Amino acid sequence: MEGTMKALVMERYLDFELKDWEIPQITDSQVLVKVRAVSICGSDIGGSNGKSGRRIPPIIMGHEASGDIVEVGKAVRGWHAGQRVTFDSTEYCGECSFCRKGQINLCENRKVLGVSCDEYRRHGAMAEYVAVESRTLYALPDSVSYEEAALVEPLSIGVHAVAISPIQMGDVVLINGCGTIGLMTLQAVKASGASRIIMSDLDDSRLDIAASMGATDLINSDSVDVPEQVYKLTGGRGADLAFDAVGLEVTVRNAIYSLRKGGCVVAIGNIGQEIRFPLQYCITRQIRMQGSCASSGEYDICLSMIASGKIDVSPFLQNLMPLEQGKAAFERFYNREPNLLKVVLTAGKD
């Protein structure tokens, strides 16, 4: 397809413009998707100020999206125009040792849609059209809307973290952070059969949302000592498992010190790149530390869980805005609007 499209382009840091842009030309292995919904990720917000080095302008951001296939490459099999799809934000080679093991999130040649860094620039889905590799596609169940499908990517991060954890039925679980990833992790933990889910955050309104999603206990980490409170709630035993969806030294250490002996911390957030680590404490209590990077093919599971109602993403769909208002949507985040979890940018359905 040739011509121009409308795209939300970050021309300079913190400066967006809706402008005409060339429709991307697909390679033989790609499909062209007409974008119907694209969610703004926390990494888009954080990256747009230049500090992460992952959104170097000019860039069309957006890696949490869904839409309709309108064109397929010559080598593409099993996909055709008109199919409703979402797609993995990770573009993987399929050939390196990690890809061959199914660890596509660790691909040696990994690129992320909507990211611009020193190594590559890959324009994303905050536009009318986006080109994506056919191997990253997932068909949408009829009961899953475009808007719900635009939330599969963040949900997959929580599902992946739970999938690689040692969670067992009946476990007591602590989750630090009630942002989107923390709340998605909460739902995945709940679906895995945890008996008690303790949520920790600085914001009471976010904790209230966590309670509505199934958290059994709430801790405001600004007013109480998190490990001390976890031990009180568990009769002095500690949590079996902790997920840290923040990535600050204080939250990681809170997770570690809240565990029983032999417990495990799964680190998802990475706001702080380096922290002081209580090595001796972890060794003498045989505590396991597990990193969790993005997701690794859990999209089908996520789509099935949304379709079946086991996971409810509707609390994240309270703020739908057209693509044309994308600049205003980012400003809502920059202005720290209270209780704003997500904004999903939508396009017309012809």
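Before we move on, is MET1 at pLDDT 95 or above, more than 22 Å from ALA149 (Cα to Cα) and either in a loop (DSSP other than H, G, I, E, B) or open to solvent by less than 50 Å² (accessible area, probe 1.4 Å) (or both)?
In short, no.
Grab the strands (runs of 3 or more DSSP E) fully contained in the stretch 193-248, keeping just those with 1 or more residues being within 21 Å of ILE157 (Cβ to Cβ) and within 23 Å of the chain's Cα centre (by Cα).
Those strands (runs of 3 or more DSSP E) span 196-201, 239-244.
Yes/no matrix, rows are residues, columns are (1) of a type in the set (Asp, Glu); (2) over 25 Å from VAL344 (Cα atoms):
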| site | (1), (2) |
| --- | --- |
| GLY50 | no, no |
| GLY67 | no, no |
| GLU71 | yes, no |
| ASN109 | no, yes |
| TYR120 | no, yes |
| TYR129 | no, no |
| THR136 | no, no |
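Would you say CYS93 is hydrophobic (A, V, I, L, M, F, W, C), part of a loop (DSSP other than H, G, I, E, B) and over 18 Å from the mean Cα position of the chain (by Cα)?
Considered against the rule, which asks whether it is hydrophobic (A, V, I, L, M, F, W, C), part of a loop (DSSP other than H, G, I, E, B) and over 18 Å from the mean Cα position of the chain (by Cα), CYS93 comes out as yes.
Scan the stretch 121-131 and tell me whether some residue there is under 20 Å from LYS310 (Cβ atoms) and either at pLDDT 95 or above or surrounded by fewer than 22 Cβ atoms within 10 Å (Cβ to Cβ) (or both).
No: the stretch 121-131 contains no residue that is under 20 Å from LYS310 (Cβ atoms) and either at pLDDT 95 or above or surrounded by fewer than 22 Cβ atoms within 10 Å (Cβ to Cβ) (or both).
Quick one: VAL343 ticks every box in (1) surrounded by fewer than 19 Cβ atoms within 10 Å (Cβ to Cβ); (2) under 28 Å from ILE209 (Cα atoms) except a single one, so which number is it?
(1)
Looking at the stretch 35-49 only, could you name the residues that are over 11 Å from MET126 (Cα atoms), among the polar types (S, T, N, Q) and surrounded by 23 or more Cβ atoms within 10 Å (Cβ to Cβ)?
The one that is over 11 Å from MET126 (Cα atoms), among the polar types (S, T, N, Q) and surrounded by 23 or more Cβ atoms within 10 Å (Cβ to Cβ): SER48.
Of all residues in the stretch 156-183, which are part of a helix (DSSP H, G or I) and among the aliphatic types (A, V, I, L, M)?
Within the stretch 156-183, ILE157, VAL159, ALA161, VAL162, ALA163, ILE181, LEU183 meet the criteria.
Which of (1) within 15 Å of LEU323 (Cβ to Cβ); (2) open to solvent by less than 20 Å² (accessible area, probe 1.4 Å) does PHE87 not meet, given it meets every other one?
It is condition (1) that PHE87 fails.
I'd like the full set of residues that are in contact with a strand residue (DSSP E or B) (Cβ under 7 Å, 6 or more places away or on another chain), surrounded by fewer than 24 Cβ atoms within 10 Å (Cβ to Cβ) and more than 14 Å from ALA161 (Cα to Cα), limited to the stretch 173-196.
SER195, ARG196, listed by residue number.
Among (1) in contact (Cβ under 8 Å) with a residue 60 or more places away in the chain; (2) assigned to a helix (DSSP H, G or I), where does LEU186 come up short?
All conditions pass for LEU186, except number (1).
Per-residue answers, yes or no, for (1) touching a Pro at 6+ places or on another chain (Cβ under 9 Å); (2) part of a loop (DSSP other than H, G, I, E, B):
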residue: ILE283; (1), (2): no, no
residue: MET289; (1), (2): no, no
residue: ILE301; (1), (2): no, no
residue: ILE306; (1), (2): yes, no
residue: LYS310; (1), (2): no, yes
residue: PRO315; (1), (2): no, no
residue: ALA328; (1), (2): no, no
residue: ASN339; (1), (2): no, yes
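Only one of (1) open to solvent by 40 Å² or more (accessible area, probe 1.4 Å); (2) under 25 Å from CYS293 (Cα atoms) fails for ASP225. Which number is that?
Here ASP225 clears every test but (2).
Can you work out which of the residues in the stretch 222-259 that are in contact with a helix residue (DSSP H, G or I) (Cβ under 7 Å, 6 or more places away or on another chain) and small (Gly, Ala, Ser) is nearest to SER165 (Cα to Cα)?
Of everything passing the filter in the stretch 222-259, ALA242 is nearest to SER165 (Cα to Cα).
Could you tell me whether any residue of the stretch 101-109 is open to solvent by less than 60 Å² (accessible area, probe 1.4 Å), assigned to a loop (DSSP other than H, G, I, E, B), out of contact with any helix residue (DSSP H, G or I) (no Cβ under 6 Å at 6 or more places or on another chain) and hydrophobic (A, V, I, L, M, F, W, C)?
No - not one qualifying residue is present in the stretch 101-109.
Of all residues in the stretch 249-290, which are of a type in the set (Gly, Ala, Ser), over 21 Å from SER43 (Cα atoms) and open to solvent by 20 Å² or more (accessible area, probe 1.4 Å)?
Once the filter is applied, which keeps residues that are of a type in the set (Gly, Ala, Ser), over 21 Å from SER43 (Cα atoms) and open to solvent by 20 Å² or more (accessible area, probe 1.4 Å), the stretch 249-290 yields only GLY262.
Would you mind finding the one in SER295, SER304 that is modelled with pLDDT of 95 or more, among the hydroxyl-bearing types (Ser, Thr, Tyr), surrounded by fewer than 16 Cβ atoms within 10 Å (Cβ to Cβ) and under 18 Å from the mean Cα position of the chain (by Cα)?
SER304
Residue-wise test of (1) open to solvent by 30 Å² or more (accessible area, probe 1.4 Å); (2) in a helix (DSSP H, G or I); (3) modelled with pLDDT under 95.
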residue: LEU8; (1), (2), (3): no, no, no
residue: ASP20; (1), (2), (3): yes, no, no
residue: ILE26; (1), (2), (3): yes, no, no
residue: VAL33; (1), (2), (3): no, no, no
residue: LYS51; (1), (2), (3): yes, no, yes
residue: ALA65; (1), (2), (3): no, no, no
residue: VAL70; (1), (2), (3): yes, no, no
residue: VAL76; (1), (2), (3): no, no, no
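The values are calculated or read from the model by the stated rules, or taken from the named source; none is laboratory data. Quick caveat: nothing in here was measured; it's all calculated off a predicted structure. All Cβ positions, glycine included, derive from the backbone under ideal geometry; neighbour counts span all protein chains shown. Each accessible area value is taken on the protein alone, full model and side chains, heavy atoms only, with ligands, DNA and RNA left out. Shrake-Rupley method; radii C 1.70, N 1.55, O 1.52, S 1.80 Å.
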